[in-house]
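Any read-out appearing in this document is the output of simple, stated calculations on the displayed coordinates, not a laboratory observation. Everything numeric in this text was worked out from a predicted model, so none of it was measured. Please note: Cβ atoms are built from the backbone with ideal geometry, for glycine as well, and neighbour counts cover all protein chains shown.
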Amino acid sequence: MKTYTCIIVDDETLAQELVETHLAKIPNVKVVAKCHTAMEAMGVLNEQEVDIMFLDIEMPDLTGLELLKSLNDPPYTILTTAYSEYALESYELNVVDYLLKPVRFDRFFKAISKVLDSLKTKQIGENQNDQDIRTKGDYIFVRSDYKAVKIRFDDIIYIESIQKYVKFHLTDKKVVSLMSLSSLLKILPRDDFFKCHKSFIVNFEKIEGIEGNQLIMDSKTRVPVSKTLKADLIQRIDKKRLL
């Protein structure tokens with residue numbers, strides 16, 4: 001059974017603990033962070049992939065709704081709030097459910113069940129998209145603009161996730177295709193490619209340098225590397241030829 005990652009965003013510690021207690025009864029959901037502010041949550045979302053977010057609305061500095069509006073590809077979101085007047089606006093932001101505090105377990109279970117059903121459907125769709133990728137030797141064919149495009153692994157500098165699409169940054173062009181980074185990781189040669197960020201995969205041979213939390217690629221483009229994945233990257237480089 002696949003385990004899904006979850007963050008809880010609420011400026012009230014007791015409210016966080018109640019949601020966490022409810023989540024402890026759900027076997028395939030793991031809490032990876034508890035945040036007291038929207039800005040703290042944004043930092044977590046930029047660093048790692050998150051499947052589910054429990055989000056309070058009224059928080060200092062930045063509200064939960066303002067956080068949602070700022071995200072290009074937010075996780076499946078369940079709002080938890082003491083105020084019912086935000087319900088209409090929240091559904092316009094495609095939230096999965098709207099729970100009033102204190103959150104009862106029966107309503108919580110209904111909401112998390114909807115999220116898990118959506119995640120399973122999404123996973124099935126990604127698996128079907130995987131079947132549209134043809135692999136052979138040192139290249140793949142991907143669908144782009146109603147045609148199959150051949151992409152050689154050696155030509156890939158890095159790959160960027162843009163919502164439901166990925167953009168291949170190649171030595172001589174860019175190709176956009178409907179698929180996910182996770183599907184590509186199953187296909188790309190594991191020794192040659194590295195997922196350095198929730199939204200980026202890089203070609204090891206195209207890395208020219210590391211500066212802070214950025215990778216300098218041979219196209220002179222800078223690609224972010226998350227703090228949690230940078231150590232793994234250094235370890236892999238060390239096994240190759242870091243002096």
At what distance in angstrom do the alpha carbon centres of region 149-198 and region 21-97 lie from each other? 29
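Report the Stokes-Einstein translational diffusion coefficient (µm² s⁻¹, integer) for region 4-129, Rh taken as the Kirkwood radius over Cα pairs, at 25 °C with viscosity 0.890 mPa s.
Values: Rh = 14.6 Å.
Approximately 168 µm²/s, per Stokes-Einstein.
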Taking the simple approach of a point 7 Å from Cα along Cα-to-Cβ for both residue 71 and residue 48, what is their distance in nm? 1.5
Using Cα pairs closer than 8 Å and at least 6 residues apart in sequence, work out the relative contact order for region 134-240, in percent. 17
Once the piece of chain linking residue 227 and residue 186 is laid out straight, how much longer is it, given 0.36 nm per residue of separation minus the C-alpha distance between them? 12.5 nm
Solution diffusion estimate, µm²/s, Stokes-Einstein, region 134-240, Kirkwood Rh from C-alpha pairs, 10 °C, viscosity 1.306 mPa s: 113
Under a point spin-label approximation (7 Å from Cα along Cα-to-Cβ), what is the residue 104-residue 17 distance to one decimal in nm? 2.3
Say we join alpha carbon atoms closer than 10 Å with springs in a Gaussian network model of the chain; which of 61, 11, 154 then has the biggest fluctuation? 61
Return the loop-located chymotrypsin sites (Phe, Trp or Tyr not before Pro) in region 131-239 (DSSP other than H, G, I, E, B) with at most 12 other Cβ atoms within 10 Å of their own Cβ; answer none if there are none. 146
Per residue of the chain, what 222 nm ellipticity follows from adding -39500 (n - 2.57) for every DSSP H run with n ≥ 4, rounded to the nearest 500? -10000 deg cm²/dmol
Gaussian network model of the chain, springs between alpha carbon atoms under 10 Å - residue of 156, 216, 52 with greatest fluctuation: 216
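Would you mind getting me the FRET efficiency between residue 28 and residue 171? Use the beta-carbon distance for r and R0 = 45 Å, nearest 0.05.
0.65
With only Lys, Arg, Asp and Glu charged, each at its Cβ (+1 for the first two, -1 for the last two), find how big the charge dipole of region 4-129 is about the Cα centre; round to the nearest 20 debye.
On the way: 11 positive and 21 negative charges, 131 e Å.
Charge dipole, region 4-129, about its Cα centre: 620 debye, nearest 20.
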Calculate how large, on average over all directions, the projected area of the Cα convex hull of the chain is; give the answer in nm² to one decimal. 15.0
Counting pairs of alpha carbon atoms under 8 Å apart in space and at least six apart in sequence, what relative contact order in percent does region 4-129 give? 22
Pick from 38, 15, 231: which residue has the top mean-square fluctuation in a GNM of the chain where Cα pairs under 10 Å get a spring? 231
For a Förster distance of 30 Å, can you work out the FRET efficiency between the beta-carbons of residue 62 and residue 214, rounded to the nearest 0.05? 0.75
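Which net charge results for the neighbourhood of residue 80, defined as the other residues with beta-carbon distances under 14 angstrom from its beta-carbon, given Lys and Arg at +1 and Asp and Glu at -1? If you can, show how the numbers build up before the last one.
Values: positive: 34, 101, 104, 107, 110; negative: 10, 11, 12, 17, 20, 56, 58, 97.
Around residue 80, the charge tally is -3.
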With an 8 Å cut-off on Cα pairs and a minimum separation of 6 or more residues, tell me the relative contact order of the chain in percent. 12
